[in-house]
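Working notes, structure below.
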Amino acid sequence: MKRGILGTVAGAAAMLFWVGMVQAETMPKLPSAIQQAGKIRIGVKCDSPPFGLTGPDGKPAGIEVEMAKKIGEFAFGSPNGAELSCVTSEARIPSLNGGKIDLILATLGRTPSRQEVIDYSNIYFWGTSNALVPQDGPIRTLADFKGKTAVIVKGASQIPWLEKNVPGIQLLQLNTTADSIQALLQGRAAGFVGDGGLVYTLAANYPKLRIIDEGIDPGVNGIGMRKNEPDLNAFVNAALKRLKAEGFYEKVIPQFVTEAPVVQVMKRGFLEDAPQR
């Protein structure tokens, strides 16, 4: 009886492995260096829920992290085909161009200055950013930041937009989201600026903070890769198309988001086409 059960389990495992390999073979060809390495190295966020965070087991978790695992599965038949590394906003592009990772899948907004030094995949998420402020604070609109300080993560794409569109704002740039929220709660800044999904998630967990509805820096996110890697770009774009076709986002968003406003932001950003800019 035990042999029969073990045989069934082994057969099922073999079938799953075979299916994974068939899936990998149906994708565009990966660059030879990645094929030879047997893994694709992907930088993800570990401080920006629900996109990327550190899970209870100390490992990366979140919507973009699950995307990265699926890319590893499409590439090598198993989620373990993706080697994940936590990256900060400031270190993302240097880590990529320095050869430490092959892809950036870490809330990477597409900007003209970044497009000069890296290539992007097709858009997979769009949305606005928002400001988070104390419930009892004086900030009601972005214009109220004149002469006041907003804290923001170093290397964030919103920095040039804020400097251009919010006269008189002072920016305190810190290394991580956790550092930024701590600074806000300590009164070292009048507000925090971040991606909309992140800000709505934080607001749901910090009742003493509220969101300014006025949108900041409408933008789109793509997966970053080094310049002139057409095979990798084709593979990544095929993976993104497949994720959407297979209903991936509808399944994964509820795993990391329960608050209705955040669900709405995530579904809109991942499932609807970005507006023309």
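The values are calculated or read from the model by the stated rules, or taken from the named source; none is laboratory data. No experiment lies behind these values; they were computed from the predicted model shown. Reconstructed Cβ throughout: ideal geometry from the backbone, glycine too, with neighbour counts over all protein chains shown. Areas reflect the complete protein model, heavy atoms only, side chains present, ligands, DNA and RNA absent. Shrake-Rupley method; radii C 1.70, N 1.55, O 1.52, S 1.80 Å.
Considering the Cα trace of region 47-148, what is its radius of gyration and what is Dmax, both in angstroms?
17.0, 54
Using a 10 angstrom cutoff on alpha carbons, build the Gaussian network for the chain and name the most mobile of ARG140, ARG92, ARG110.
Taking springs between Cα atoms under 10 Å, the residue moving most is ARG140.
Distance cut-off 25 Å, Cα to Cα: go down the list LYS164/LYS267; LYS100/LYS244; LYS29/LYS241; LYS227/LYS251 and report the pairs above it.
Over 25 Å apart, Cα to Cα: LYS164/LYS267; LYS100/LYS244; LYS227/LYS251.
At 1.4 Å probe size, with every protein chain present, just tell me what the per residue accessible area of the chain comes to in Å².
49
Write down, largest first, the equivalent ellipsoid semi-axes of the chain in whole Å, where each equals the square root of 5 times an eigenvalue of the alpha-carbon gyration tensor.
37, 21, 16
Report the Cα centroid-to-centroid distance between region 46-90 and region 218-277 in angstrom, as an integer.
14
Among LYS59, LYS69, LYS164, which one moves the most in a GNM of the chain with springs linking Cα atoms closer than 10 Å?
For the chain, modelled as a Gaussian network with Cα springs under 10 Å, the answer is LYS164.
Find how much the distance from ASN122 to ASP273 grows on full extension, using 0.36 nm per residue of separation minus their present alpha carbon separation; answer in nm with one decimal.
Between ASN122 and ASP273, full extension yields 53.2 nm more.
Which residue, chosen from GLN36, ALA190, MET67, occupies the Cα position most advanced towards the positive end of the dipole of the chain, where the dipole is computed from +1 (Lys, Arg) and -1 (Asp, Glu) charges on Cβ about the Cα centre?
GLN36
For region 137-276, take the alpha-carbon Rg, divide it by the Kirkwood Rh, and send me Rg/Rh.
We get a ratio of 1.01 for region 137-276.
P(r) for region 156-199, please, calculated from all Cα pair distances in 5 Å bins and given in %.
All Cα pairs, binned at 5 Å, distribute as 5, 21, 31, 27, 15, 1 percent.
Accessible area of region 41-81 with a 1.4 Å probe: how many percent of it is carbon plus sulfur?
Percent of accessible area from carbon and sulfur atoms in region 41-81: 51.
Dipole of region 214-277, Cα-centred, from +1 at each Lys and Arg C-beta and -1 at each Asp and Glu C-beta, to the nearest 20 debye?
For region 214-277, the charge dipole is close to 200 debye.
Of the residues GLY222, GLY99, GLY109, which exhibits the maximal mean-square fluctuation in a Gaussian network model of the chain defined by a 10 Å Cα contact cut-off?
Checking each option, the largest mean-square fluctuation is seen for GLY99.
Please report the orientation-averaged projected area of region 198-277, defined via the convex hull of its C-alpha atoms, in nm².
If I average the Cα hull's projected area over directions, I get 7.1 nm².
Output the direction-averaged projected area (hull surface divided by four) of the convex hull of the alpha-carbon atoms of region 147-227, in nm².
6.2
Give me the net charge for the shell around ALA150: Cβ to Cβ below 12 angstrom, other residues only, Lys and Arg +1, Asp and Glu -1.
+1
Using a 1.4 Å probe on the protein heavy atoms, what percent of the accessible area of region 116-185 belongs to carbon and sulfur?
Result for region 116-185: 49 percent of the exposed heavy-atom area is carbon or sulfur.
Would you calculate, for the chain, the mean residue ellipticity at 222 nm contributed by helices, counting each DSSP H stretch of 4 or more residues as -39,500 (n - 2.57) and dividing by all residues, to the nearest 500?
Counting only the DSSP helices, I get -13000 deg cm²/dmol.
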